[in-house]
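S.K.: Pasting a structure below so you can have a look.
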Amino acid sequence: MVASGAGVPGRRVAEVLNQVGMLEAAGLRLGRLSLGMAQRVGIAQALLGDPRILILDEPTNGLDPHSIHWLRTLLRGFADEGRAVLVSSHQLAEMGHLADRLVVLGKGRIVAETSIADLSGISQGRIGVQSPLLDRLKSLVEQHGGALRATSAGAAEITGISRSQVGDLAAEHHVPLHWLDERQVSLEEFYLSVADQEFQRR
């Protein structure tokens, strides 16, 4: 029905059903399909016209982990062909795996836009560290303009200086480090910070 309405040849139906792994279910009524199967059929409908731009709303809804991986591969292949994929979703963790660029909408307008690559380069300015000589490390960090706050036995959080500076100081002064990590901003944290800023403006 959708193919006919779009003026797409009937043979294209089997092609897109096969593309989304639903060819064997072609004879089933829509009411008998699971939510995940219905999502695949919806994606097949969107692919009927072999579009240059694909727009999907919550495409992972109802999909199991295997199907989500399949969808991610499908959409990445679509984009790698030079086509555009626009996905609207509240599944922020999944979008972090899928998207190249992020656009945050609020009240019908764009309130933030960035690339995943740029987002990955943003740290929270908090460095996690474990060392048996935290007191010695604390002194070194403070001498170089940073601050160290113990979070548990042998572990601490450092702010004010970079991870590489912490590593260099520890190596230079023979302070053993059992763990050193710089916390990156998650997509959820980025979204919430933008949303909070937008709320405060209003």
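The values are calculated or read from the model by the stated rules, or taken from the named source; none is laboratory data. Since the structure is predicted, the reported quantities are computational estimates derived from the model, not experimental observations. Counting neighbours? That spans all protein chains shown, and the Cβs are built from the backbone with ideal geometry, glycine included. Areas reflect the complete protein model, heavy atoms only, side chains present, ligands, DNA and RNA absent. Shrake-Rupley method; radii C 1.70, N 1.55, O 1.52, S 1.80 Å.
S.K.: Just give me the residues in the range 125-137 being open to solvent by 70 Å² or more (accessible area, probe 1.4 Å) and either of a type in the set (Ser, Thr, Tyr) or in a helix (DSSP H, G or I) (or both), in sequence order.
M.R.: ASP135, ARG136
S.K.: Under 9 Å between Cβ atoms, at least 6 apart or on separate chains: pull out the pairs that start in the range 28-40 with a residue that is over 23 Å from PRO65 (Cβ atoms) and end on any residue that is among the β-branched types (Val, Ile, Thr) and exposed (fewer than 10 other Cβ atoms within 10 Å of the Cβ).
M.R.: Note: no pairs meet the criteria.
S.K.: Pairs under 6 Å by beta carbon, first residue within 16 Å of MET22 (Cβ to Cβ) in the range 60-82, partner open to solvent by 90 Å² or more (accessible area, probe 1.4 Å), six or more apart or different chains?
M.R.: From residues that are within 16 Å of MET22 (Cβ to Cβ), the pairs are GLY62/LEU35.
Residues are listed down the side, and each one gets a yes or a no for (1) surrounded by 13 or more Cβ atoms within 10 Å (Cβ to Cβ); (2) at pLDDT below 90:
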site	(1), (2)
GLU15	yes, no
ALA26	no, yes
LEU33	yes, yes
GLY49	yes, no
ILE55	no, no
GLY62	yes, yes
THR73	no, no
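S.K.: Which one of these is closer than 30 Å to LEU102 by Cβ and either at pLDDT 95 or above or part of a helix (DSSP H, G or I) (or both): VAL141, VAL166? Walk me through how you get there before you give the answer.
M.R.: Details: VAL141 fails: closer than 30 Å to LEU102 by Cβ.
From the options VAL141, VAL166, the qualifying one is VAL166.
S.K.: So if I check each of GLU94, GLU113, which one is open to solvent by less than 50 Å² (accessible area, probe 1.4 Å) and not polar (S, T, N, Q)?
M.R.: Result of the check over GLU94, GLU113: GLU94.
S.K.: Here's a follow-up. Against the condition assigned to a helix (DSSP H, G or I) and touching a Gly at 6+ places or on another chain (Cβ under 9 Å), how does ARG72 come out, does it pass?
M.R.: It is false that ARG72 is assigned to a helix (DSSP H, G or I) and touching a Gly at 6+ places or on another chain (Cβ under 9 Å).
S.K.: Let me ask another. Just to check your reading of the model, which residue among ALA195, ALA156, ALA150 is touching a Leu at 6+ places or on another chain (Cβ under 7 Å), surrounded by fewer than 16 Cβ atoms within 10 Å (Cβ to Cβ) and of a type in the set (Gly, Ala, Ser)? I'd like the intermediate steps shown before the answer.
M.R.: Details: ALA195 fails: touching a Leu at 6+ places or on another chain (Cβ under 7 Å); ALA156 fails: surrounded by fewer than 16 Cβ atoms within 10 Å (Cβ to Cβ).
Going through ALA195, ALA156, ALA150 in turn, just one is touching a Leu at 6+ places or on another chain (Cβ under 7 Å), surrounded by fewer than 16 Cβ atoms within 10 Å (Cβ to Cβ) and of a type in the set (Gly, Ala, Ser): ALA150.
S.K.: Looking at the range 75-91 only, could you name the residues that are in contact with a strand residue (DSSP E or B) (Cβ under 8 Å, 6 or more places away or on another chain) and either surrounded by 15 or more Cβ atoms within 10 Å (Cβ to Cβ) or in a helix (DSSP H, G or I) (or both)?
M.R.: Listed by number, the residues that qualify are LEU75, PHE78, ALA79, VAL85, VAL87, SER89.
S.K.: Within the range 38-45, is there a residue that is of a type in the set (S, T, N, Q) and part of a helix (DSSP H, G or I)?
M.R.: Yes.
S.K.: Does the range 161-175 contain any residue that is touching a Leu at 6+ places or on another chain (Cβ under 8 Å), surrounded by fewer than 15 Cβ atoms within 10 Å (Cβ to Cβ) and among the charged types (D, E, K, R)?
M.R.: Looking through the range 161-175, none of the residues is touching a Leu at 6+ places or on another chain (Cβ under 8 Å), surrounded by fewer than 15 Cβ atoms within 10 Å (Cβ to Cβ) and among the charged types (D, E, K, R).
S.K.: Let me ask something additional. Can you run down the residue pairs with Cβ atoms below 8 Å, 6 or more apart or on separate chains, where the first is in the range 105-116 and under 15 Å from MET95 (Cα atoms) and the partner is assigned to a loop (DSSP other than H, G, I, E, B)?
M.R.: SER115/ASP100; ILE116/ALA99; ILE116/ASP100
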